[in-house]
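Data block below; observations after.
The values are calculated or read from the model by the stated rules, or taken from the named source; none is laboratory data. In this text the structure is predicted, and so the values were computed from the model without any measurement. Neighbour counts run over all protein chains shown; Cβ positions are idealised from the backbone, glycine included.
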Amino acid sequence: MQNFVFHNPTKILFGKNTVPLIGAETVLFGKRVLLVYGTGSIKKRGLYDQIVQSLHAAAAIITEHGGVQPNPLLSHVHKGIKLARENNCDVVCAVGGGSVIDEAKAICAGTPVQHDVWKFFTGKKSVKNPLPLTTVLTLAASGSEMNSGMVITNDATSQKFGFGNKQLFPKTSILDPTITFSVPADYTAYGAIDAISHVLECYFTTTDPYTPVQDRLMEGIVMNAIESCNRVLANPDDYHARADLMWTASLALNGLTSSGLGKVGFPMHMIEHSLSAFYNVPHGAGLSAVIPGWMRFNAKLQPDRFAQFATRVFDKRTGSIEEKATQGIEALGNWFREVKSPTSITALNIPGTDIPKIAANAMTLAKVWRMRDYSEEKIEAILDGCL
Ligand code: NZQ
Ligand code: ZN
């Protein structure tokens, strides 16, 4: 167990009929609210009206910044910052999934400073006094509702970079599982895959040889993400399955599971972000296309860790260490196929000839994230195994 600080300041209001609380929770931090949302799903089922009504009841003055796209764009963040400044917004309320919440975080960070917000993503500037943020989560996936990270695509350079800063934790996040009943099957699966990947990244990159508490937590999260996703796909209005999946996704990336693991990396994300930047692939789909290939490449280097994963998550008990490791990777890949998520970049119609371009792009992020054990050649070799 390595030394660690675990401090997650986000207040979570979880459960049915929590959405009407957003007004009172938001005006605690300011009355001039920038309301950030996506491309329209919140307007299809009355959520938007509920939010506006609650904010107005709390005497909030609302400026709207809708139109956040999946894989949110820097150019749209700039528009949000301009709106926030022109309307003297003093708090931001995000209603959506990870794309909306991430864009809102970037607006919170970028509004009070004079330099381009992108300088936070390249590590050239650090965050100062960001606007406070509240959120209503509508999709179980990224964990952004309960962490300090965000990921934005610089549409001018086709770079999709992420960074985190502890001042950017949402103050309050409302998680009502009934809001996710309308998430379609594909994004339900992509969300579960994203949550699983958040755990796998830490599980397979920790260098600490003995982390039994975190291992069981992470293995349990993977098992529950699979189980609750299967229950939701069988019955999209199953409240308890939606609730399990929602809380699983938050726990998968809120700092709890990685505490004590020491320095961990996010290599699968480092590669996947280039797929989303170049081809606008849904994040979870890009991950399922990269994960099996990345696991096959790394299982050779640490077979025991992959065999433990196979035994504890998929109950693989026969064969050698290497055979069990392979069985675990195959079992996860089979589940990705069962939930109709791609398991190769070929399945995403990405030609093998694009691999050098993808690897070069991913390497620019690996440098910002100081991933010294990665090179373009290594990324190309991993991607060759993802064809
Ligand atoms: O555009 P809207 O109307 O929001 O529709 C969205 C979008 O089309 C739709 N949707 C959301 N809630 C819905 C719904 N449709 C019906 N009913 C609902 N209740 O689903 C589509 C995808 O939404 P999006 O927000 O893009 O999905 P997700 O939550 O998976 O977020 C993906 C983004 O999160 C980032 C990814 O890079 C990606 O940009 N991540 C953020 C992280 C973080 N902050 O820690 C970590 C993650 O690894 C991830 O990188
Ligand atoms: Zn992710």
Search the range 115-139 for residues that are among the aromatic types (Phe, Trp, Tyr) and pair each with any residue that is in a loop (DSSP other than H, G, I, E, B) and crowded, with 16+ Cβ neighbours inside 10 Å when their beta-carbon atoms are under 7 Å apart and the residues are at least 6 apart or on different chains. Phe120/Val127
Which residues, taken from the range 1-28, are in contact with a strand residue (DSSP E or B) (Cβ under 9 Å, 6 or more places away or on another chain) and either of a type in the set (A, V, I, L, M, F, W, C) or without any contact (Cβ under 8 Å) to a residue 24 or more places away in the chain (or both)? Ile12, Leu13, Phe14, Val19, Leu21, Ile22, Val27, Leu28
Checked Ile226, Ile221, Ile174 against criteria (modelled with pLDDT of 95 or more, of a type in the set (A, V, I, L, M, F, W, C) and in the same structural domain as Glu145 (by TED's automatic domain parsing)); the one match is Ile174
I want to confirm something. Restricting to the range 32-64 and keeping residues that are within 23 Å of the chain's Cα centre (by Cα) and farther than 11 Å from Val95 by Cβ, which single residue is surrounded by the most Cβ atoms within 10 Å (Cβ to Cβ)? Leu34
For a quick check of your reading of the model, give me the residue pairs whose first member lies in the range 149-171 and is over 20 Å from Val92 (Cβ atoms) and outside the structural domain of Arg370 (by TED's automatic domain parsing), whose second is in a strand (DSSP E or B) and within 12 Å of ligand 1 (Cβ to nearest atom), with beta-carbon atoms closer than 6 Å and at least 6 apart or on different chains. Asp155/Leu73; Lys160/Thr153
Somewhere in the range 216-229, is a residue more than 16 Å from Gly98 (Cβ to Cβ), more than 16 Å from ligand 2 (Cβ to nearest atom) and in a loop (DSSP other than H, G, I, E, B)? no
May I ask you to list the residues in the range 148-168 that are surrounded by 24 or more Cβ atoms within 10 Å (Cβ to Cβ) and closer than 13 Å to Pro9 by Cβ? Leu168
Keeping to the range 308-331, report how many residues are of a type outside the set (Lys, Arg) and touching a residue at least 60 places away in the same chain (Cβ under 8 Å). 3
Among the residues of the range 216-245, how many are within 19 Å of the chain's Cα centre (by Cα) and of a type in the set (Lys, Arg)? 1
Ile101 within 16 Å of ligand 2 (Cβ to nearest atom), closer than 25 Å to Ala189 by Cα and either touching a Leu at 6+ places or on another chain (Cβ under 7 Å) or not assigned by TED's automatic domain parsing to the domain that holds Ile22 (or both): no
